[in-house]
Amino acid sequence: MEEAFAYFNLCTSCNTCYITCPIYKVKKLQSFAPRSRITIAGLIAQNRIDINSSKRLVESIFSCVLCDMCHNVCPSGVDIPKTVKATRKYLVNQKLSPSGVNSIIESIKKYKNIFSLDNEDRLDWTEEVENIIKDKINKKTEIAFYVGCQQSFKGSLYMMPESMVKILDKARIDFTLLGGEEWCCGNPAFLVGDRSDEIKEIAKHNVEKMENLGVKKVIMTCPGCYKAWKFIYPELLGIKKLPFEIVHSTEFIFDLIKTNKIEIAQKYENILGYQDPCDLARISGIFEEPRDIIKSIPQVKIVELEDNRQKATCCGGGGLCKASYEPIASEIASNKIDEFVNAGVETLLTACPACYDNFASSMNDRKDIQLKDIHELIVKLLK
Ligand code: SF4
Ligand code: SF4
């Protein structure tokens with residue numbers, strides 16, 4: 001909490017961050033503004049507030065989607081998301097965190113996945129691609145596909161890994177999957193500032209499994225997993241860099257297109273719009289590869305929102321907000337869908353399981369727009 005106090009002192013109360021916050025836009029209450037989260041943290045650090053007595057303050061801290069937008073605009077360099085994570089850690093330790101968050105973190109530690117399911121069932125999504133993956137589990141080879149919890153266990157997201165392995169197969173790329181030996185990346189724990197030995201062990205396990213298979217490159221379709229492995233694991237494990245490369249699937253797929261290993265041959269008539277996932281775009285700096293893939297579709301029509309790339313706003317599905325405050329996440333998604341429709345978009349493309357999932361639950365049988373995962377669309381248009 002000391003860091004939080006330092007940021008509390010750094011804030012000049014200029015209010016530049018207010019209008020950027022997706023939670024503040026929905027809640028319209030001062031306690032949900034980014035600056036207020038710094039104030040809450042600072043007051044806790046100074047022992048000047050009894051957080052026990054205010055559900056709203058706990059909601060303010062745990063509803064933050066950790067989109068990094070406020071940090072991006074703050075003229076004083078106040079790292080609000082970092083402070084939110086430190087405050088969450090304090091609230092978890094004080095047993096004041098929402099139950100939805102607690103059960104996810106406990107599940108990661110006990111079951112190695114976020115759903116308290118048997119980790120051996122991680123390959124349930126492979127039914128339709130059994131012929132492709134049958135000899136790939138724990139195979140010694142240079143390319144690995146790390147699937148992630150959401151896509152391994154949530155039926156509505158199976159099309160993402162299914163499409164990814166179909167693309168790898170089409171490009172004749174040999175690859176390996178860890179199956180039941182794949183453990184959660186730990187990202188939800190990092191979102192509450194948990195870098196405990198138990199979480200370190202999980203990261204260590206994942207890295208060692210890849211090393212033992214002689215892997216040189218790990219592909220991930222989930223931006224949260226990508227961020228965890230690429231930026232948090234080296235720091236967490238006290239190493240300069242991982243012994244293999246981490247790439248997002250959109251980087252990998254665009255490379256396959258550039259090197260003529262796959263070809264998008266078919267047209268897609270609808271006007272496309274792309275949602276920049278916060279963890280992939282503003283936080284990890286991958287803006288162009290997903291767009292380059294989309295632009296490889298013959299005669300494609302693509303529309304950008306006014307706020308795109310670095311300035312793109314969150315879908316509402318990040319930062320564990322949805323785990324406890326689903327109506328907030330849904331309202332943000334619903335407003336964002338309207339924004340795409342008003343810009344003339346007919347098909348909204350995502351490159352993140354959390355974005356897809358949050359948009360999907362807010363579509364409500366809408367007829368004016370379709371939702372598609374980028375991998376799912378591309379695999380259908382391949383030669
Ligand atoms: S990280 Fe995003 S949601 Fe959290 S306070 Fe900043 S702008 Fe708001
Ligand atoms: S933009 Fe930065 S300095 Fe200004 S109110 Fe927000 S946190 Fe404080």
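Throughout, read-outs are computed from the coordinates displayed, never taken from laboratory work. These numbers come from a predicted model, not from an experiment. Because the Cβ atoms are built from the backbone with ideal geometry, glycine has one as well, and the counts that use them run over all protein chains shown.
Using Cβ contacts closer than 10 Å as the measure, can you line up PHE145, PHE153 from fewest to most?
Final ranking by Cβ density, sparse to dense: PHE153, PHE145.
What Kirkwood hydrodynamic radius, in Å, does region 1-53 give when the mean of 1/r is taken over all pairs of distinct Cα atoms and then inverted?
Computed over region 1-53, the radius equals 11.6 Å.
If packing is taken as the average number of other Cβ atoms within 10 Å across a peptide's residues, how do 123-130, 369-376 rank, most packed first?
Going from most to least packed, we get 369-376, 123-130.
Calculate one ³J(HN,Hα) per residue across region 221-236 by plugging θ = phi - 60° into the Karplus curve 6.51 cos²θ - 1.76 cosθ + 1.60, and present them in order as whole Hz with x for glycine and proline.
Working through the residues one at a time gives 8, 8, x, x, 4, 4, 4, 4, 5, 6, 10, 8, 4, x, 5, 5 Hz.
Tell me the mean residue ellipticity at 222 nm calculated for the chain from its helices only (DSSP H runs of n ≥ 4, each -39500 (n - 2.57), averaged over every residue, nearest 500).
-12500 deg cm²/dmol
Estimate the FRET efficiency between ALA343 and ASP197 by the formula 1/(1 + (r/R0)^6), using the beta-carbon distance for r and 45 Å for R0, to the nearest 0.05.
0.40
With the alpha-carbon atoms as the only input, what is the per residue convex hull volume for the chain in Å³?
Values: hull volume 51.9 nm³, N = 383.
Here the figure is 135 Å³ per residue.
Considering all alpha-carbon pairs of region 188-227, what whole percent are spaced by more than 16 angstrom?
Numbers: 362 of 780 pairs.
Roughly 46 percent, once rounded to a whole number.
Can you tell me which of 62-72, 6-16, 197-207 comes out highest on packing, and rank the rest after it, using the mean Cβ neighbours within 10 Å?
Details: 62-72: 24.1, 6-16: 14.5, 197-207: 17.2.
Listed from highest to lowest mean packing, they are 62-72, 197-207, 6-16.
At 0.36 nm per residue, minus the direct Cα-Cα distance, what do GLN370 and LYS109 gain on full extension? Give it in nm, one decimal, please.
Roughly 90.3 nm would be gained on extension.
Ranked highest first by the average count of other Cβ atoms within 10 Å around their residues, in what order do 303-316, 328-341 fall?
Details: 303-316: 18.7, 328-341: 20.5.
So the order, starting with the most tightly packed, is 328-341, 303-316.
Which distance in Å, rounded to a whole number, links the C-alpha centroids of region 323-383 and region 168-186?
The distance from the Cα centre of region 323-383 to that of region 168-186 comes to 26 Å.
Using only Cα atoms, figure out Rg for region 134-266 and give it as a multiple of 2.2 N^0.38 Å.
It is 1.05.
Using the beta-carbon distance between LEU10 and ARG309 and R0 = 22 Å, what value does 1/(1 + (r/R0)^6) give for FRET efficiency, to the nearest 0.05?
0.25
Modelling each spin label as a point 7 Å along the Cα-to-Cβ direction, I'd like the LYS139/GLU245 distance in nm, to one decimal.
That separation, rounded to one decimal, is 2.0 nm.
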